[in-house]
Amino acid sequence: MKGEEEDDEMTGGDGSNRGSRMTPDSPPPFSDQVLENVLENVLHFLTSRRDRNSASLVCKSWHRVESLNRTDLFIGNCYAVSPRRAVHRFRRVRSVSLKGKPHFADFNLLPPGWGAHFGPWAFAFAAAYHTSLEKLCLKRMSVTDDDLSILAHSFPSFKELVLVCCDGFGTSGLSIIAAKCRNLRVLDLIEDAVEDDEVDWISCFPDGQTHLESLIFDCVDSPINLEALERLVIRSPNLLRLRVNHHVSVSHLRRLMVRAPRLTHLGTGSFNSPPSSHTDEDQELDLLHSAFTAASKSLVCLSGFRDVAPEYLPAVQPVCPNLTSLNLSYAGIGTDQLRSIILHCHKLQNFWVLDSVRDEGLQAVAATCKDLRELRVFPMDPREASEGPVSEIGLAAIAEGCRKLRSILYFCQCMTNAAVVAMSKGCPDLAVFRLCIMGRHTPDRVTGEPMDEGFGAIVRNCRSLTRLAVSGLLTDRAFGYIGKYGKSVRTLSVAFAGDGDAGLRYVLEGCPRLQKLEIRDSPFGDSALLSGVARYYNMRFLWMSSCYVSQTGCRELARRLPQLVVEVIRDEGGSPDAVETLYLYRSLDGPRSDAPPFVSIL
């Protein structure tokens, strides 16, 4: 997925389960009632989940009051707590965010059918939050059409549904949501796998004016009823965000923009004309340019551009001066096409792009976008042996020109320590640094040395760093730097890196705030795994795939940490003794009951 996050689950900010036996329905002593009333008012000012978690651990009274007054519930792992326990503790929830599969599932490292089923949660929410639930956000969950039907029929006040990287449902389920949720304001489908049931779900929205403020369905591959979509947009005067799929051509997009003059966020669809179009190309370009001119006062976020026709790109120039977010991660454009747009984007803060723009395109970004906060550069060709169009030259340009950068994801085939060091000095406020060198064990392109000093500079100079992804040729020295200087790192991703067990031990012993550790194809074995026994209770999860851990090491880990869940995942048809993947996580309710045959819970 082209998208991530840093949060704690329901169990508490420090990863402990203290207070888990307390129940919110035990009445307080009369003498404490006044104090609890005061506390209730104070807790309304705590908006951070971590702050509320900490408050709930002070004493039984604070735990009870916090539970009864929490309206927004975040659960970072659907197996960390059972649905029954969650709804029993929190009785007045209006908004739920629930995550399922771990992040590496986005890279096809988790076999199909692993789990993360939303069904049990849907039933629990329907029974407990019938009158209160208004918002639901699911990420990497398996959601069925029946689950969506439960949502549509159970919550009369339901207003927002956001599904990110979910699967298992189709256009039939969407039609039920559209037809039954009459107060719906947000329907956002982001990077989902939506099955085509040949159902015209767009036409299922009720007649009359809708409450829609956001409609995102660019991930839906099936054709849509364009006339019904246009009628829906006309009936939605509050619509601010609209992202359409690749079946919407520029002519249809133009009509939608005219019908929705208040749009702040727009996903353009294919940004091309269908082969059967009879409209003159110059005339279409003029009309599209006029539509973007009219939208220039409100539009701040632009995305889409699937199957983009470069000749239409100049039409978006009128909105560029006000854009703060631009996503070209599906547009296979070159340097010149990018320059025609980016040179007008002086206010840009978030920019996603394919590496087809080359280093020269990134140099244009660096020269123009001085307020840039987030940059993601994705590969046009993700194969290891492909020729990389971006390199240390583009990274060094960004480091020099975009000094306010806070987050970067950079895919490339080669890199140098000097460029990474320059990034650490030019952008010291970085909170997220993810450098993905796609060639395995690739050294510094110029010196041939390991990339140790570059990553060492990042953790040494970027004191606010919370998320780090490392790759390339790395020795234990790099992990020693991470353990010594990465005191704020909460998420660490490692791919094809390291000398041996010492490297992982440095990280586990030296990073006190580490919550999520994901490792693939690295030479860490049982000794490294067991060196973190004292740390795992305070982490959300550990993921190790294609490493050197054994069944013996995993069983020993499970013996030492009986309150954590140790899952050993093997490929279907693989050896029963193989440890293809180890997934370790904390849970208040012990091992799950829906593990498939290829998952062994130790």
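The values are calculated or read from the model by the stated rules, or taken from the named source; none is laboratory data. From a predicted model like this one, the values you see are computed outputs, not experimental measurements. A quick note on method: Cβ atoms are made from the backbone with ideal geometry, for glycine too, and the neighbour counts reach across all protein chains shown. In case anyone asks, the SASA skips ligands and DNA or RNA and just uses the protein heavy atoms, side chains included. Shrake-Rupley method; radii C 1.70, N 1.55, O 1.52, S 1.80 Å.
Among the residues of the stretch 496-515, just one is crowded, with 23+ Cβ neighbours inside 10 Å and more than 20 Å from Val533 (Cβ to Cβ), namely Ala497. Only residues that are closer than 16 Å to Leu313 by Cβ, of a type outside the set (Ser, Thr, Tyr) and open to solvent by 40 Å² or more (accessible area, probe 1.4 Å) were counted in the stretch 323-351, giving 6. Out of Glu400, Glu392, one residue alone is over 14 Å from Phe351 (Cβ atoms) and crowded, with 22+ Cβ neighbours inside 10 Å. It is Glu392.
Annotation: Met380 fulfils all but one of (1) of a type outside the set (Ser, Thr, Tyr); (2) open to solvent by 20 Å² or more (accessible area, probe 1.4 Å); (3) modelled with pLDDT of 95 or more; the unmet one is (3).
Residue by residue, here is whether (1) in a helix (DSSP H, G or I); (2) open to solvent by 50 Å² or more (accessible area, probe 1.4 Å) holds:
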residue	(1), (2)
Arg50	yes, yes
Ala55	yes, no
Tyr79	no, no
Ala86	yes, no
Val93	no, no
Leu109	no, no
Gly113	no, yes
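Conditions (1) in contact (Cβ under 8 Å) with a residue 40 or more places away in the chain; (2) among the aliphatic types (A, V, I, L, M); (3) assigned to a helix (DSSP H, G or I), marked per residue:
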position	(1), (2), (3)
Leu465	no, yes, no
Leu474	no, yes, no
Ser488	no, no, no
Val494	no, yes, no
Gly503	no, no, yes
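Within the stretch 474-491, the set of residues being out of contact with any Ser or Thr (no Cβ under 6 Å at 6 or more places or on another chain) and open to solvent by 10 Å² or more (accessible area, probe 1.4 Å) comprises Thr475, Asp476, Arg477, Gly480, Tyr481, Lys484, Tyr485, Lys487.
Within the stretch 533-568, being outside any strand (DSSP E or B), in contact with a strand residue (DSSP E or B) (Cβ under 7 Å, 6 or more places away or on another chain) and within 25 Å of Gly456 (Cβ to Cβ) holds for Met539, Cys547. Restricting attention to the stretch 282-300, the residues that are open to solvent by less than 20 Å² (accessible area, probe 1.4 Å), under 12 Å from Tyr312 (Cα atoms) and among the hydrophobic types (A, V, I, L, M, F, W, C) total 2.
Within the set Ala578, Ala558, the sole residue that is touching a residue at least 40 places away in the same chain (Cβ under 8 Å) and of a type in the set (Gly, Ala, Ser) turns out to be Ala558. The single condition among (1) open to solvent by less than 40 Å² (accessible area, probe 1.4 Å); (2) assigned to a loop (DSSP other than H, G, I, E, B); (3) modelled with pLDDT of 95 or more that Gly208 does not satisfy is (3). Put simply, of Leu302, Leu375, Leu313 the only residue that is assigned to a strand (DSSP E or B) and out of contact with any Phe, Trp or Tyr (no Cβ under 6 Å at 6 or more places or on another chain) is Leu302.
Among the residues of the stretch 225-253, those identified as open to solvent by 20 Å² or more (accessible area, probe 1.4 Å) and over 19 Å from Ser303 (Cα atoms) are Asn225, Leu226, Glu227, Glu230, Arg231, Ile234, Arg235, Pro237, Asn238. Taking the criterion of being more than 15 Å from Leu508 (Cα to Cα) and in contact with a strand residue (DSSP E or B) (Cβ under 6 Å, 6 or more places away or on another chain), the residues of the stretch 468-481 that qualify are Ala469, Val470, Ser471, Gly472.
Among the listed residues Ser545, Ser531, identify the single one that is surrounded by 16 or more Cβ atoms within 10 Å (Cβ to Cβ) and in contact with a Ser or Thr (Cβ under 6 Å, 6 or more places away or on another chain).
Ser545
Scoring Ala309 on the criteria (1) under 15 Å from Leu253 (Cβ atoms); (2) aliphatic (A, V, I, L, M); (3) without any contact (Cβ under 8 Å) to a residue 60 or more places away in the chain; (4) crowded, with 20+ Cβ neighbours inside 10 Å leaves a single failure, condition (4). Count of the stretch 166-184 residues, restricted to those that are crowded, with 20+ Cβ neighbours inside 10 Å and closer than 18 Å to Ser214 by Cβ, is 6.
Here the condition is being closer than 26 Å to Gln515 by Cα and at pLDDT below 80; of Arg18, Arg84, it holds for Arg18 alone.
Checking the structure you have, find out if any residue of the stretch 365-374 is farther than 30 Å from Ser296 by Cα, out of contact with any helix residue (DSSP H, G or I) (no Cβ under 7 Å at 6 or more places or on another chain), surrounded by fewer than 20 Cβ atoms within 10 Å (Cβ to Cβ) and among the acidic types (Asp, Glu). Looking through the stretch 365-374, none of the residues is farther than 30 Å from Ser296 by Cα, out of contact with any helix residue (DSSP H, G or I) (no Cβ under 7 Å at 6 or more places or on another chain), surrounded by fewer than 20 Cβ atoms within 10 Å (Cβ to Cβ) and among the acidic types (Asp, Glu). Residue pairs whose Cβ atoms lie under 6 Å apart, separated by 6 or more positions or on different chains, with the first residue in the stretch 326-355 and touching a residue at least 60 places away in the same chain (Cβ under 8 Å) and the second open to solvent by 50 Å² or more (accessible area, probe 1.4 Å) and in a loop (DSSP other than H, G, I, E, B), do not occur. Apart from one condition, Arg403 fits all of (1) more than 22 Å from Gly456 (Cβ to Cβ); (2) under 25 Å from the mean Cα position of the chain (by Cα); the exception is (1).
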